[in-house]
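The values are calculated or read from the model by the stated rules, or taken from the named source; none is laboratory data. Remember, predicted model here, so these are calculated numbers, not experimental data. With ideal geometry, Cβ positions are generated from the backbone for all residues, glycine too; neighbour counts draw on all protein chains shown.
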Amino acid sequence: MAIVKMRRLNLVAMAYDKDAVLNALHRTGAVEVVEHADTENTVTIAVDTEEQRAYLASVETALSALCGALETAQKESGETVDALANGFDVTYSEFSAAKEKKDEADELVRTVNGLTDEKNALLAELYKTEKEKQQAAIYAKLTLPFSAFMGTAHTNARLGLISVSAQEKLQTAFAEQSLCAYQTLATDADNALVYVVAHKSVSAETDGILSGVGFFDCPYEGTQTGVGIYRTLCEKEATLKEQLTENGHTMYVLKDKIRFLKVYCDALTFGVEKADVSGKLRATESTFLLQAYVPEDAEEAVKAEIKETTQVAYMEFVDPTDEETPPTLLRNNSLVSNFEPITNTYSAPNYREFDPNAVMAFFYSLFMGFIIGDAGYGFLMAAVGGFLWWKHRAKPTGMSKLAGAFAVGGVFAMIWGLLFNSVFGLSLLSATLMPNPQKDMWTLAGISVPSVLIISMEIGVSQIIVGYICKAVQEWRRGNIADGICDGVIWVLFSIGVGLAIVGFVDEAQLPILATVGGITAGGSLLLAMLTAGRKEKFFGKFTKGFGAAYGVINFASDILSYARLYGLMLSGAVIAQIIAQYGGQFLLSGNALLIVLGVVILLVGHGFNLVMNLLGAYIHDARLQYVEFYGRFFEGEGELFKPLGSENKYIRLQPSGKSAEKAKR
């Protein structure tokens, strides 16, 4: 439970040092600049980043073209180039040097853009040539010049195409004409090349017949031959492809520049961010004023970095006031941090509450393991998820953290799978510690209910109890002792009473005394909750608040029933796993080679599909239980995550510099 304490930095420095100071704050990686309050005799700093953004966009366009060319080359050759991947480490000195290499970058961008324009022109010409070649293909069978198909003094001649299906119609029409004739010179899958000759006295009738069958005149004429035109187009096509290959090779040679261009793009992005940050500052004629939030443990490093940058500055670090809302910086161990994105998807914790991720991580993993409920599936989750997490442990990403969360869930799935005696849908143990989710029933208040359904609801009650404990702790941390007792402890007692009562009403438990104890505990605590709910209200408000507390029992019951989804999801996955194991096993034991192969396919594909679908359902429904049933008891959220100046790099991982780096090494 680690939300880092923040300090507010108030800084006044000379205007000519503004850029250097912002660079110093960036080097620390520990300063988030915020909007400075309106201050007398100061003005905002005018900012216009349109030109910077346009320049950045042009560089990124060139970078995208260069990466695209490299990807194409990699697909053809199978080669892998590290510079293509994002997230590589860059020292601050290299980052700073990149900003000073504008001439080199501009020359590279011009080269890439020129190659890109050339490629686009070649592609357009190639597309045009291929269409012309396709059109000329049927004429390639003509060795005579097109001038040979001209009419005479008394005849008209036409050379062109009709569809293959129209040939019969043309033949029938010409059979009725004695002064015209045609010949089919070539055919392909769609068209027929025909040569039509008619006496000039019947030209009108002939033209009408040809129009009726969709005749298209030959576009070529003169001394050219069909075979010559087609050969020329083939040669042109080959030349264009060679030029495209050469263009791609020229672009590929620039692959070593991708790393530089990515560093340069992120340096430009930081330049835009600095300009945007300048708009949050206030200024006088000769100074600027800055406000920012700094983690308490980074205060000395930030202070030292500023002092090394300028001696003409005033700075103070103060605790945020109650009216301020500092950003939230979570700092958990490598295990719990995997679950932070799950909470942040709902809402980041606000600065003034405690971090719920450690508690949530346990329940999230417990529920995910329960839903999967199979030791074999759990092993795959732990192995694959653990590998992906381990691979990116130094610089974790969102996906690697999710893989880590699934790996922890896989460990719990192995435990639950052994308890339920399920390994890839098979019962390998001679005995089971948990009831059979498909067969075993318990009697709850005279009603036969699936035993595992009752267990899932009891698990839910336990999480609700912890949720109310968190509520009490939250209030006590703020010094609200009475609120912690009334809004937390009393409802903890109520929840414990309900949990005991459920066990007492289960005949198989043979503990009817718990029904009495639980009922008295729940009833007494509910009465206390009703009496204390309106403690801060006036007379009528006390009544309505008390009634609201009683009415809330309905929501409490609904919340407990929500945990039935644990049983439903687990049961569906277990049934499918057993069916896959049953049929796959029968085929493997059949002795028939074909059936054995089919059995292997069924096991691999079936279990793979079932695991993926179970994981999808577990991820969504498990998260819902955390967000609604658990966080609804105490979590406030609506926090803004801490974003240090210059931390949003798109391509690189910038290494800390200066005093921050020295502290990190120590």
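Computed quantities for the displayed model
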{"item": "Test: residue in region 521-541 that is touching a residue at least 40 places away in the same chain (Cβ under 8 Å) and within 30 Å of His621 (Cβ to Cβ)", "result": "yes"}
{"item": "Top-ranked residue in region 175-198 [being out of contact with any helix residue (DSSP H, G or I) (no Cβ under 7 Å at 6 or more places or on another chain) and modelled with pLDDT under 90; ranked as surrounded by the fewest Cβ atoms within 10 Å (Cβ to Cβ)]", "result": "Ala189"}
{"item": "Pick from region 88-132, criterion aromatic (Phe, Trp, Tyr) and more than 18 Å from Ser64 (Cα to Cα), ranking: farthest from the chain's Cα centre (by Cα)", "result": "Tyr127"}
{"item": "Condition check for Asp19: assigned by TED's automatic domain parsing to the domain that holds Tyr293 and either assigned to a loop (DSSP other than H, G, I, E, B) or touching a Cys at 6+ places or on another chain (Cβ under 9 Å) (or both)", "result": "no"}
{"item": "Boolean, Thr28 is surrounded by 14 or more Cβ atoms within 10 Å (Cβ to Cβ), at pLDDT below 95 and more than 22 Å from Gly646 (Cα to Cα)", "result": "no"}
{"item": "All positions within region 1-51 that are among the acidic types (Asp, Glu) and either at positive phi or touching a Phe, Trp or Tyr at 6+ places or on another chain (Cβ under 6 Å) (or both)", "result": "Glu32"}
{"item": "Test: residue in region 256-272 that is at pLDDT below 90 and under 28 Å from Gln655 (Cα atoms)", "result": "yes"}
{"item": "Qualifying positions in region 199-211 - touching a residue at least 40 places away in the same chain (Cβ under 8 Å) and over 13 Å from Leu161 (Cα atoms)", "result": "His199, Lys200, Ser203, Thr206"}
{"item": "Single match in Leu616, Leu641, Leu595 (criterion: in contact with a Pro (Cβ under 8 Å, 6 or more places away or on another chain), surrounded by fewer than 22 Cβ atoms within 10 Å (Cβ to Cβ) and not aromatic (Phe, Trp, Tyr))", "result": "Leu641"}
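Conditions tested, residue by residue: (1) surrounded by fewer than 18 Cβ atoms within 10 Å (Cβ to Cβ); (2) part of a loop (DSSP other than H, G, I, E, B); (3) in contact (Cβ under 8 Å) with a residue 12 or more places away in the chain; (4) touching a Gly at 6+ places or on another chain (Cβ under 8 Å).
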| site | (1), (2), (3), (4) |
| --- | --- |
| Leu569 | no, no, yes, yes |
| Ala574 | no, no, yes, yes |
| Ile579 | yes, no, yes, yes |
| Gln582 | yes, no, yes, yes |
| Gly591 | yes, yes, no, no |
| Leu603 | no, no, yes, yes |
| Asn610 | no, no, yes, yes |
| Gln626 | no, no, yes, no |
| Phe635 | no, yes, yes, no |
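So that you can scan it fast, the table gives a plain yes or no per residue for (1) under 45 Å from the mean Cα position of the chain (by Cα); (2) modelled with pLDDT of 90 or more; (3) in a loop (DSSP other than H, G, I, E, B):
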{"site": "Val461", "(1), (2), (3)": "yes, yes, no"}
{"site": "Ile465", "(1), (2), (3)": "yes, yes, no"}
{"site": "Ala472", "(1), (2), (3)": "yes, yes, no"}
{"site": "Ala482", "(1), (2), (3)": "yes, yes, no"}
{"site": "Ala501", "(1), (2), (3)": "yes, yes, no"}
{"site": "Ile520", "(1), (2), (3)": "no, yes, no"}
{"site": "Arg535", "(1), (2), (3)": "no, no, yes"}
{"site": "Lys542", "(1), (2), (3)": "no, no, no"}
{"site": "Lys545", "(1), (2), (3)": "yes, no, no"}
